[in-house]
Every structure is written in structure tokens, then in C-alpha cells.
Amino acid sequence: MQGREGHVYTENRPTKHYVSNVGWIPIIYDGLNQNRIYKSETWGGCVSTISTGTGTGISPIVEAILTLEDA
């Protein structure tokens, strides 16, 4: 996706979820097109959070945190 800088998406799913389920392609594409710089999701007791921004100058920054829901 050229020209789509600074967009993030996160999703927690079980192993091989994407192998047997091709319906994920438009979901992720649509998620990236929502112009988010932050997204957090909880699923199956796991929390994933991702954010993006720009540091000094034009250096991109991406931060991702994976943790257990009750931690």
C-alpha cells in the first residue's frame, strides 16, 4: 500500500487462523485504511497494542506491546 504511511493494525488470533481463513484479507486492508496511529485489541486473554509516530526529524517510530489481559 504505497502512500499509506503511519497506519497501524493489530489482531490476536490462534495459530494457523490466517491459513484456513482467507476472509482476513479485506479486514486487515480496511483496518489499515482507517488512518489509525494507535490500535489495541483484547482477544483470548491476550492484549496487543501498537502505535506509530515520528521521532526527531523524519525517523518513524513503531511501538508494539503484547501482554496478558490480567497482567
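The values are calculated or read from the model by the stated rules, or taken from the named source; none is laboratory data. Because the structure is a prediction, the values reported are computed rather than measured. Note that each Cβ is placed from the backbone with ideal geometry, even for glycine, and that neighbours are counted across all protein chains shown.
Screening LEU68 with (1) modelled with pLDDT under 90; (2) touching a Gly at 6+ places or on another chain (Cβ under 9 Å) gives one miss only, at (1).
When the residues of segment 17-59 are filtered to those that are touching a Ser or Thr at 6+ places or on another chain (Cβ under 6 Å) and not charged (D, E, K, R), the one that is nearest to HIS7 (Cα to Cα) is ILE37. Looking at ILE61, is it part of a strand (DSSP E or B) and surrounded by fewer than 11 Cβ atoms within 10 Å (Cβ to Cβ)? Answer is yes for this residue.
Could you check segment 44-58 and list, in sequence order, the residues that are assigned to a loop (DSSP other than H, G, I, E, B) and of a type outside the set (A, V, I, L, M)? Before the answer, list the steps.
The first filter runs over segment 44-58 and keeps only residues assigned to a loop (DSSP other than H, G, I, E, B), leaving 44-45, 55-58.
Within segment 44-58, GLY44, GLY45, GLY55, THR56, GLY57 qualify.
For segment 17-43: of the residues being part of a loop (DSSP other than H, G, I, E, B) and surrounded by 10 or more Cβ atoms within 10 Å (Cβ to Cβ), which is modelled with the highest pLDDT? Reasoning before the result, please.
To start, the set of residues in segment 17-43 that are part of a loop (DSSP other than H, G, I, E, B) comprises 21-23, 33-37.
From the residues that got through so far, the ones that are surrounded by 10 or more Cβ atoms within 10 Å (Cβ to Cβ) too are 21, 33-34, 36-37.
Numbers: ASN21: 71, ASN33: 82, GLN34: 81, ARG36: 83, ILE37: 89.
Among them, the one singled out is ILE37.
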